[in-house]
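Novice: Below: one structure in structure tokens.
Quick note: the coordinates plus some simple rules give every number you see, no bench work behind them. Since this is a predicted model, take the numbers as computed values, not measurements.
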Amino acid sequence: MSLLRFLGLGRDRSTSRSGAESETVRRIAARLERLEPEKARLLAAFAFVLARIANADLEIDAEETLEMERRVTAVAGLSEEEAALAVEIAKSQNRLLGGTENYVVTREFRAASTPEQRLELISCLFAVAAADGTISTTENNEINAIADELGLARGDVSDLRSRYRDKLGVLQAGKRG
């Protein structure tokens, strides 16, 4: 999916929240200079929320980082270098400000995105959480919280979660027992 399609190029500019974005989103967006400011802000929020799920267990491992970079590259159509930069900044910002910025940035993403983009984000969150082979209960709970913040229906989230059923830690533990 291209960045233009993901960002909904034809969206009404009156929905812009240019005066309300967080410092976190501004920092990441500023590094993505070749993009239009609104698109860069949406991508920055997207990358930050990916980092939020990767850091849910207080450790972002190499597999999660690679999956984040793949998702940012695929969804936004960025080069590998740009995606790596966006992900590294998002990870750094999440480590520094995650507790205070998580809800604010997710709310920004909700305000600037379409319902389809929100579902795509949740799908990407499951992929990042599963990158190390297991979606922990902590990660699953955090995805549920993000989905609630995005205003998504629980049924839609359950449909996405079912694609990763074999990675759910709670089910893996049951198989071992």
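Novice: How big is the shadow of the Cα convex hull of the range 49-121, averaged over all directions, in nm²? Could the numbers behind the result be given before it?
Specialist: Numbers: hull surface 19.0 nm².
That works out to 4.8 nm².
Novice: Relative contact order for the range 23-177: what percent, with Cα pairs under 8 Å and sequence separation of 6 or more?
Specialist: Details: 176 pairs, mean separation 39.9, N = 155.
Across the range 23-177, relative contact order equals 26 percent.
Novice: Please list the non-local residues whose amide H lies under 5 Å from the amide H of LEU168, H modeled 1.01 Å from N, same-chain partners needing a gap of 5 or more.
Specialist: Under 5 Å from the amide H of LEU168 lie the amide H atoms of ILE135, each far enough along the sequence or on another chain.
Novice: For the range 22-176, I need the span (max minus min coordinate) of the C-alpha atoms along each principal axis, in Å, sorted largest to smallest.
Specialist: That works out to 48, 31, 28 Å along the principal axes.
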